[in-house]
Structures are given as C-alpha cells and as structure tokens.
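The values are calculated or read from the model by the stated rules, or taken from the named source; none is laboratory data. Please read all numbers here as calculations on a predicted model, not as lab measurements. Reconstructed Cβ throughout: ideal geometry from the backbone, glycine too, with neighbour counts over all protein chains shown. Surface areas here come from the heavy atoms of the whole protein model, side chains and all, with no ligands, DNA or RNA. Shrake-Rupley method; radii C 1.70, N 1.55, O 1.52, S 1.80 Å.
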Amino acid sequence: MKLRLPWRKDVYMGTDLDGNLYFERLVDTYRSRRHVIYRKDLALSEYSDKVIPIQWQAWMRHTRHRIPTLADLNQDIQRQEQIADNVQKLAAKEAHLPISSEDTTKHSQTRQPRFQKSTPGESFQPENWAPAATPTASGNKTGSTKRRHDSP
C-alpha cells in the first residue's frame, strides 16, 4: 500500500505489527532511500536491526523487492512459534531417553583424521630402498634405455 502524503517528500510504504512506519524516497530514477519511523521512543543505543522484523530489514536493504504484508509477518510469527514448540518437544523427548554406555564411550574417543598432511620424504627410509632393475627390449638388464635422439 503506497500512500503519498502532500506534506512529506517520502512515500508511505507500510507498517509492521509493532506499529513502525516505513517510507521510501526516490533520489534518482534508479535509486531510492528507505527508512523507518519507530513507534517506540528508544534510547539511541537501543536502535538496531533486531527492533524491526527480518522481512522489513530485507526490504530496507533492497534485497526484497516486494513490500512485506501483515499476512507475511503473521505467517513468520506462526513459523517461529512452531519451531519453539518443536524444540520443546525434542528437549522433552531427549530428557526421557537413557544414555547408553556405548554413546558416552563413542563420543569420548578421539577420532584420527582421515588424511594426514605430511611433508615430502617424511616416510622415506634409506635402508629399505633398492633400485629396481627393469629389463629392456634388447635384453640388457642394466636399466639403460635408448634415447630418442640416439641413432639405431
């Protein structure tokens, strides 16, 4: 609901459930400034993003293009109440479950990381290394091979 009041440069865009008023002022053809007039007089240190609903915060930051309706705000409150009920039910359910000894020992043991970062040559042991003799096509077992630029 947009409402242009003749004595204001701003356009009234809507209100939230707390009674805060939201306005928009066109600065350029592509930009607009959005601001809120709080219903409650708060101390300067108490003004924050948490005072207004998240839907209006998104609209004020230009991340939400559509103006939040009262139905959107009511739906969000119902969602938050449902989440709080679910958390209470889950906490009550977990409080009645006995903790088995397997669970406590499982969590108390420290896990080894799957991949351990090692430096090159860290696992090298010189006494275990022996050069491999690879036979060549000519039958020479010394390991020498012909190079490309050598003549046949």
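Some notes on this structure:
- A simple rule links phi to the HN-Hα coupling: the Karplus curve 6.51 cos²θ - 1.76 cosθ + 1.60 with θ = phi - 60°, which for segment 56-64 gives 6, 4, 5, 5, 5, 8, 6, 9, 10 Hz, with x for Gly and Pro.
- Within the accessible area of segment 1-96, the carbon and sulfur atoms contribute 55%, probe 1.4 Å, all protein chains present.
- Distant-in-sequence amide H partners of S32 (H built 1.01 Å from N, under 5 Å): V27
- Spatially proximal aspartates and glutamates relative to K50 (Cα-Cα < 16 Å; intrachain offsets below 8 disregarded): D16, D18, D41, D76
- Note, ³J(HN,Hα) from phi for segment 66-83, Karplus 6.51, -1.76, 1.60, rounded to Hz, x at Gly and Pro: 8, 6, x, 9, 5, 5, 4, 5, 5, 4, 5, 5, 4, 5, 5, 5, 5, 5
- Mean Cβ neighbour count within 10 Å, used as a protection proxy, ranking 36-48, 71-83, 53-65 highest first: 53-65, 71-83, 36-48
- Between amide H atoms placed 1.01 Å from N, distances below 5 Å from R64 occur with W59, all of them 5 or more places distant or on a separate chain.
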